[in-house]
DNA sequence: TTGAAAGCGCTAACAA
DNA sequence: TTGTTAGCGCTTTCAA
């Protein structure tokens, strides 16, 4: 009987032979050992150790039809998100949770629209058990692709075409942007602020849309002029604040749709001699600690559990897979929390 | 754990049946069609299209012993590199080249030292054909792991333990940090600068070490006091420049080991009323366009083809795999280029 | 040039 | 509880 031939990896056959059991029993032990008598389990385990046996994934996949792998799809226009600490954290959450589920992370970078064919083929090839994708623009063909290929997919961030009213049951994981924004604005109100402005994010992103909605929820009759458009960069926050100060010098509270824009606003306020929070209170969103803690003054902001959202994406996916692999699992919206620092 | 996707995909058997050929012939066509007569090729191709056949990867891997997958390993301490545009670019290069080679990218995030077991097991499982890892610290167990497991690995950036003199034949891809630094300093010399300082990067990273070496190559007898330690952040560049100005007011040229530090230095020079490049000429390294182009004045710097280095990593790996999968392929050092803007 | 047949290494009925 | 056996879908000799 073949023992370990140098070069080639030991097979289950070899383990079984060495332990003096059948391949089936060896397999049972390797897969948990349920229903195998103690001494045999021991012998097989020992054989595994001695031989340095590692199961052949391809063979296993061939029969079980499970890959133990999940695709993370990132569309080219958003490859920038790699530079986004937000994404790093989410990816880490995904990675950790996947590891906990003994699954691997296959990274799919979509380079151009022609690339969707490749992605579709790959997904159709059944190489992965499911897919995770990130918030997409209106025209993104990806949801159609994953749907057609019939591969369970969970989105990170509510996709624009999956609004609460669209009726499209697309599973996604997102934080409660609207609720968080409400809380931020309510906090400013509770501080007695009378003229609360909003520096909004780009309105083709649901997070920005929802945060604006949250602002409006609280300030139903706010002067529309108090809402200014930014693009999530610090610079745009500065520009927005400058305009605000010029047109609405009475402003005494600002809710920025993210911390970066808030930091830009803070800088402008300082330049203009407005004291924060005395003259103007400022609240951000995201709680990107490296910015929120180092602004002057430190920024009060809305925090979300980003890594947790990554983990959740995996959990939602796996739950769906476990159910039957077809029924789309439900979406999850995670709570936010107001983190008080000095700026408001 | 993931479960199968219901709805069984068509097999090669089905294709063969539909085309009225044997499975062997169908297989040949699917794999290029060499040595199959024209009409048969056509018939099989058509059957493939009609059935929407996609080869089962697991089955193929089982017999060919090739996975069509490469692991990209990122050690936890450097997970920050996700926030590094440098890494995004390199990853993109890797992804593109891998796609060109019909291979997938399996992302392995190492969370802690205990995680190396998991990584080792995974690599040992033969799930991937090779691995790409990023520049590691001295004590990193990863090279030992990949070596022991016998999986071909290419490193990004020269690992500290693979110095030119160490004799360790570890394949890596890096840019010519030393040569680039030499060119930068030589440029300052050619500008007639007499007192050229160096703001060095952290000396536990080979890129920083090599750049310092390059500086010394040109300025053999430079005053050691003209070399100041930074940590690759803009802030550290500012601090370094401040100290330099205090202790060496005669300085008229600065080579910073990266653009971020150069930008910090630029800011300090401005504050101190030194004109750039008239009073002090400044050269950076990396050509991170979003910083080098937006400094005041725009930064002259050393550019490297980052995405190209990513592609190269894959090419080096694949070349090694093609050879015999054992012999370690050689390392590659890519050239750098001085990009002249205004600062020098 | 084509086909028949033998596995690749594993799991899961089914028997014992 | 354990073993026997039949594949999973594919590539690849080997013959025809």
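Read-outs: derived from the displayed coordinates by stated rules, not from any lab. Just so you know, these numbers come straight off a predicted model, no measurement behind them. We place every Cβ from the backbone using ideal geometry, glycine too, and count neighbours over all the protein chains shown.
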In nm, to one decimal, how far is the modelled label at residue A:38 from the one at residue A:294, with both set 7 Å along Cα→Cβ?
5.9 nm
Report, for residue B:59, each distance to the same residue's label point in the other copies, shortest first and in nm; define the point 7 Å along Cα→Cβ.
1.8
Given contacts defined as C-alpha pairs under 8 Å and at least six residues apart, what's the relative contact order of chain B, whole-number percent?
16 percent
Given the options B:190, B:95, B:103, which has the most mean-square fluctuation in a GNM of chain B, springs set between C-alpha atoms less than 10 angstrom apart?
B:190
With the Cα gyration tensor of segment B:226-281 in hand, convert its eigenvalues to equivalent ellipsoid semi-axes via √(5λ) and list them largest first in whole Å.
16, 12, 10
Just to be sure I follow: if Rg is taken over the C-alpha atoms of the protein assembly as shown and Rh is the Kirkwood radius over the same atoms, what is Rg/Rh?
1.02
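Using a Förster radius of 60 Å, what is the FRET efficiency between residue B:31 and residue B:189 based on their Cβ-Cβ separation? Nearest 0.05, please.
Values: r = 58 Å, r/R0 = 0.97.
Plugging the Cβ-Cβ distance into 1/(1 + (r/R0)^6) gives 0.55.
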What is the Cα centroid distance between segment B:90-151 and segment B:167-202, reported in whole angstrom?
30 Å
Once the label point is set 7 Å along the Cα-to-beta-carbon vector, what list of distances in nm do you get between residue A:221 and its counterparts in the other copies?
8.3
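Which semi-axes, in whole Å and largest first, does the equivalent ellipsoid of chain A have when worked out from the alpha carbon gyration tensor as the square roots of 5 times its eigenvalues? Provide the component values of the computation, followed by the final result.
Working: eigenvalues 539, 88, 55 Å².
That gives 52, 21, 17 Å for the three semi-axes.
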If you take the C-alpha gyration tensor of segment B:177-303, multiply each eigenvalue by 5 and take the square root, what semi-axes do you get, largest first, in whole Å?
18, 16, 14
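If you count the DSSP beta bridges with both ends in chain A, what percent of them are antiparallel, to the nearest 5? Could the numbers behind the result be given before it?
Working: 3 of 37 bridges.
Of all bridge pairs located within chain A, approximately 10 percent are antiparallel.
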Where is the GNM fluctuation largest for chain B (alpha-carbon springs, 10 angstrom cutoff): B:22, B:294, B:331?
B:22
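When B:336, B:301 are ordered from fewest to most other Cβ atoms inside 10 Å of their Cβ, what list results? The partial results should precede the final answer.
Working: B:336 25, B:301 33.
So the residues, fewest neighbours to most, are B:336, B:301.
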Just A:249, A:152, A:171 to compare: in a GNM of chain A, with alpha carbon springs under 10 Å, which one fluctuates most?
A:249
Mind pulling the per residue volume of the convex hull built on the Cα atoms of segment A:88-127? Å³ is fine.
67 Å³
Mind jotting down the three principal axis lengths of segment B:89-244 based on Cα atoms? Whole angstrom, largest first.
58, 34, 32
Between residue B:23 and residue B:102, how high is the FRET efficiency from 1/(1 + (r/R0)^6) when r is the Cβ-Cβ distance and R₀ = 25 Å? Nearest 0.05.
0.65
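Per DSSP helix of 4 or more residues, -39500 (n - 2.57); summed, then divided by the residues of chain A. What does that give at 222 nm, rounded to the nearest 500? Intermediate results must be reported in sequence, preceding the final value.
On the way: 13 runs with 148 residues, N = 344.
The helix contribution divided over chain A gives -13000 deg cm²/dmol.
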With the label set 7 Å along Cα→Cβ, residue B:112 is separated from its counterparts in the other copies, in nm and shortest first, by 4.5
Percent of Cα pairs exceeding the 12 Å cut-off, where the set is segment A:12-64:
59 percent
Taking every Cα atom in segment A:264-344, find the radius of gyration and the maximum pairwise distance Dmax, and write them in Å.
18.8, 61
How much of the DSSP bridge set in the protein assembly as shown is antiparallel, in percent, rounded to the nearest 5?
10 percent
